[in-house]
Amino acid sequence: MKKDVNPLTPLESKAPKLSKPKNSAAGIPALISTAKYGLGNMGVLNSLKNLAKVNDFDGFDCPGCAWPDPDNHRSFAEFCENGAKAVADEATKNRADNNFWSKWTVGELSQKSDHWLNSQGRITQPLVLMPGSEYYTPISWNDSFDIIADNLVSLKSPDEAVFYTSGRTSNEAAFLWQLLARRFGTNNLPDCSNMCHESSGVALTESIGIGKGTVTLDDFNSADLIIVVGQNPGTNHPRMLTALRDARKNGASVISVNPLTETGMKRFKHPQNPIEMFGLGSSIADKHLKVNINSDQALFRSFSKSIIESGNLDNEFISDYTNGYDDYRKLVLNTDLDEISEMTGISTDELIQVGEKISNSKATIVCWAMGITQHKNSVATIQEIVNFLLLGGNIGKPGAGVCPVRGHSNVQGDRTVGINHKPSTSFIDGLEKSTGIIAPIKHGYDSVEAVRAMESGDAKVFLAMGGNFVSAMSDTNRTSNALSKCQLTVHISTKPNRSHLVSGEIGLILPCLGRTEIDISPIGRQFVTVENSMGVVHSSKGTSKPASEYLISEPSIVSGIGGALETRLERSGIPWRNLSENYDLVRDLIEKTIPGFENYNQRITSKSGFYLPNPPKDNRTFKTKNALANFFCHDISCVSSSDKFMMMTIRSHDQYNTTIYGLDDRYRGIRNGRRVVLMNREDLVENDIKEGDLVDLSSDRESESVVSQSWYVVPYDIPRGNIATYFPESNVLIPLDSVADRSNTPTSKSVPIGIKKATN
Ligand SMILES: Nc1nc2c(c(=O)[nH]1)N[C@H]1C(S)=C(S)[C@@H](COP(=O)(O)OP(=O)(O)OC[C@H]3O[C@@H](n4cnc5c(=O)[nH]c(N)nc54)[C@H](O)[C@@H]3O)O[C@H]1N2
Ligand SMILES: Nc1nc2c(c(=O)[nH]1)N[C@H]1C(S)=C(S)[C@@H](COP(=O)(O)OP(=O)(O)OC[C@H]3O[C@@H](n4cnc5c(=O)[nH]c(N)nc54)[C@H](O)[C@@H]3O)O[C@H]1N2
Ligand SMILES: [Mo]
C-alpha cells in the first residue's frame, strides 16, 4: 500500500479569485483575519488568554518567527497577525485523535491537501504504522522507545541513522537531541537551516568570523540606511515593520530590493496605533529596486563601485580591521555598470542615482532572508554584501551591520546549542568535557546528503524532531522515495503532515507538547529557552492546558529514546531521566559546553533574557583564520536561461512553511487557491497565455524532465522572464542536485522552468 502513496499535493480544481495587490500591510484587515483564524481555532476565551501571553515576559515565545522583541518594554499583545495565526494553529480545539486515524487509511490521507491535513488538529497519542498495515494505530510511549532503540542498535554503523531538526525546537530539546545523536555515534544532524540560512552561516563565518547577524533592534533607530533584500517582512516577519517604521521616523532611508513590490514594504498600519489604523499608515520603503531574480550579487557590486568612486570609505577601519581590500578595489573598478544593468534590469542611471544615496550613508544595515540564501551563488552574494558594508566600516558600529533575518523562532538557538552536521572541534571538546561522552568527529549529512544516503541505502533510520521533511525538501519525488526506503521513520510532531504519510517500513508519530502548553514534570513546572535572530536568549513558558493527557515534552521524548538505547548498548552516564525532569540540569550542561552561557540558569531569570557574545559587534574582533574581516573577490554570476523562465518559490500570507493555514494571499490579491504561477503580462502575450489559463510547469534533470501539471496563471507585476509559485507545492520541480555552492542549500529561488498550456 505504501507504494501507492502519492506525495504530491492533490490538484486544485477551481481557479483562484484575483484582485489588486494591497497598498498597506497590517491595519484593520489583519485584525479581522487574526480574529477569524483565532476564534475559529481556539474559541473566544482561549484566544484572549493565549494572545495575551505571546511574547509576554511571563509567557511563551511566539512560534511565528525569530524577530526579536524590544528589550525593555512590551506592549499588551506584542503580536502580529501571522504570529497570532501560528499560536491559534497550535492551540486549536481540533484533535487528530484515535477516531481520526482509525477512519482514514494512509493512502486516503495522502489524497488530502496540506491545508486539510493541518486543519484536523493536534495529534493526541503516539501512533505506529506497522509493515503491511494501512492505518496508524495507538502505541504506548515505552513501546515506541523500544522500537526506536531496537532499530538503532540493529544498524551496522551509527551513521546509518539521521537525526533531523526543525527550528521551533527549544534550546533544551535541541541540546538533548544532538547529545542523543552524538552519544549514539553520529553527526548526521541535518536541519531546516540547511534549506534556509545555511548560506548566511557559511559566508559570514568566513567574512567576519561569526555565522550570525551583528545588529540589535536599537541599531535600527540609529541607522542612516536600511536595505531589505530578498525578504517579505509584511508576511514573514511582520513585527519587523515596526522597527522599519521607527527607523524611517528617525530619519533612515529604507530601500527594498525584490522582484516583487511586496505590500509590507510599501505602507504599514501599526495594529496598536489607532491613528495609523484608520489613516494612511506609515510609508516603509522610500525606494524599491525591482531586480531580476538572482541579480543581487551584481547589484551590490555596483553599490560598492559607487562608494569607492565617491571616496566615502572608512579608511581607518579598512586598514585596521580588514584584509583583501586592494584586490577587491581593483575588481570593483573594473566592473562595467552596463553589464550590471543588464543582469539586474535596473537602468544604469538608476544604479548611479541609488549609488549616490548609498555612498552618503554613515551607518548602513543590510537585512536579507530567503531571496538571497537559496541560489547557486548565495554564499558569494552574501560575501559581496559584506564587502559592501566593510567599505563604510559598517560592522561593529551603532546603526550598522549585517542582519540575516532568521525564519523559525529558534533556528538560531538550535545551531548555537549544537544542531550542526559539521560541529566545530571546540564544540566537540566542550561536549566531551561536560558530558563525558566520546563524540564523533567525522562530519555528518546535511539535508540534501541525507536524502541521497537514504536513497542509496546508506541511511536506514530517519528521526525528525519537528518539521515536515518530505514537503520542505526539494525534489519531492526523490525525497519521498528516499524516506520510504528506510526501515524506520519517526516524527516528533504536533499536527498531521505529509511526512507522516511517506513512512519507512515502520512509521512512528510521537506527538509532543507545543510551546503554548504547560509543561509539568514530576519535580514541577518547567520552562524552555530560545535565541532570537539578534542573539538574545530568553525563556518561554507555556500557559495552556495540553491538547491531550498523553502528550509529553520534547525533552522527555528524547530522554525516553536515550534511556532505551542506553540499556541496549549497556552504557550509562547520561542521566536521561533527571535531564528530562529538570531543565535546569540541561542548561547546566549547555553552560559547560558552550562559551557565552555563563550563569545560564541565573541570567535566564532576567525578564528580557541576555545577549550572547557577538565579537564583531561587541568590539570589532573577528574570529576568522587571519583575525580580520575579509573582503572576498568572486566573479559576478546570475542564473538566466534563454528558453526557460526563472522561478522563485515563495510563501503566501496564509502559510507557515509547509503548514497551510488557508488558501488566501491577501496582500498579493490572490484568494482561494495556491496552485498559481505569477507571470509578467508581456510574457503572457508573447506566449499566448491568458489569466486563469492552466499551464504545466517542467524542469529538467540530467536524464529526464519532471512535469508538474495544471497551474493557474496569474498576471502579476514581476520582471519579464521571472515567475513565482508557492512552496511546498512547487518543490517537486526543484532538482535535488541543484544546490548553492558550498552551503548545499536547495536553489529554491532560482529554478529554470518550461511552461506549456495544460494538455488535459
Ligand atoms: N507567516 C509566516 N512567517 C514565517 C514563515 C512562514 O512561512 N509564514 N516562515 C519562516 C521561515 S522558516 C523563514 S526562513 C522566513 C522566510 O522569510 P522570507 O525570506 O521573507 O520568505 P519567502 O516567501 O521565501 O520570501 C522571499 C522574498 O524574497 C524575494 N526574492 C526571491 N528571489 C529573490 C532574488 O533573487 N532576489 C531578491 N532580491 N529577492 C528575491 C521574494 O519575492 C520574496 O519577497 O520566514 C519565517 N516566518
Ligand atoms: N521550495 C522551497 N522550499 C523550502 C523553502 C522555500 O522557500 N522554498 N524554505 C525552506 C525553509 S526556509 C525552511 S526553514 C524549511 C522548513 O522546514 P521544516 O521546519 O521541516 O517544516 P515546517 O513546515 O516548519 O514544519 C511543520 C511541522 O512541524 C511540526 N511542529 C510544529 N510545532 C512543533 C513543535 O513545537 N514541536 C515539534 N516537535 N513539532 C512541531 C508540525 O507537525 C508541522 O506539521 O523549508 C524549506 N523549504
Ligand atoms: Mo526558514
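Observations, loosely collected:
- Loop-resident trypsin sites (Lys or Arg not before Pro) (DSSP state other than H, G, I, E or B) in region 370-451 with no more than 14 further Cβ atoms inside 10 Å of their Cβ: 442.
- Take each peptide in 204-210, 182-188, count the other Cβ atoms within 10 Å of every residue, and average; sorted highest first, the result is 182-188, 204-210.
- Tensor-based shape of region 602-680 (alpha-carbon gyration tensor, a/c under 1.5 rounded, otherwise prolate or oblate): oblate
- Within the chain, DSSP assigns beta bridges of which about 40% are antiparallel (rounded to the nearest 5).
- Efficiency of FRET from Cβ geometry, residue 720 and residue 28, R₀ 51 Å, rounded to 0.05: 0.90
- Likely footprinting exposure, 343, 130, 195, fewest C-beta neighbours within 10 Å first: 130, 343, 195
- Hz values of 3J(HN,Hα) by residue in region 357-374 - Karplus curve (6.51, -1.76, 1.60), Gly and Pro given as x: 4, 5, 5, 7, 6, 8, 8, 10, 10, 10, 9, 8, 9, 5, x, 9, 8, 10
- Shown for 20, 14, 592: other C-beta atoms within 10 Å of each C-beta, ranked fewest to most, produce the order 20, 14, 592.
- Taking other C-beta atoms within 10 angstrom as a stand-in for reagent exposure, 270, 500, 443 fall in the order 443, 270, 500, fewest first.
- Sorted peptide list for 416-425, 27-36, criterion being average Cβ within 10 angstrom, highest first: 416-425, 27-36
- C-alpha center-to-center spacing [region 304-341, region 689-760] in angstrom: 37 Å
- Sequence-separation-based contact order of the chain, relative, with Cα cut under 8 Å and 6+ spacing, percent: 21 percent
- Alpha-carbon centroid distance for the pair region 113-148 / region 358-372, whole angstrom: 46 Å
- Absence of a disulfide-compatible partner, taken as no other cysteine beta carbon within less than 4.7 angstrom, is noted in the chain for 62, 65, 80, 192, 196, 486, 512, 633, 638.
- Between residue 111 and residue 327, the modelled labels are 6.0 nm apart [label points 7 Å from Cα along Cα→Cβ].
- Nitroxide proxy distance, nm - points 7 Å out along Cα→Cβ at residue 93 and residue 426: 5.2 nm
- A straight Cα-to-Cα reach below 30 Å connects residue 592 with the lysines 212, 422, 433, 442, 541, 607, 617, 623, 625, residues fewer than 8 places away in its own chain not being considered.
- Computed from the C-beta positions of residue 246 and residue 353 and an R0 of 41 Å, the FRET efficiency is 0.95 to the nearest 0.05.
- The 3J(HN,Hα) values that the Karplus relation (6.51, -1.76, 1.60; θ = phi - 60°) gives for region 310-326 are, in residue order, 6, x, 7, 9, 9, 4, 5, 4, 4, 6, 7, 10, 10, 9, x, 5, 4 Hz. Gly and Pro appear as x.
- Qualifying lysines (Cα of each under 16 Å from Cα of residue 545; at least 8 residues distant if same chain): 49, 53, 93
- Spin-label pair residue 520/residue 702, simplified geometry with 7 Å Cα→Cβ offset, distance in nm: 5.8 nm
- Two-site FRET efficiency, residue 481 against residue 315, from Cβ-Cβ distance with R₀ of 45 Å, rounded to 0.05: 0.20
The numbers here are math on the coordinates, done by the rules we state, and not lab data. Predicted model, so just to flag it, every value in this text is computed and none were measured. Note that we place each Cβ from the backbone using ideal geometry, even for glycine, and neighbour counts take in every protein chain shown.
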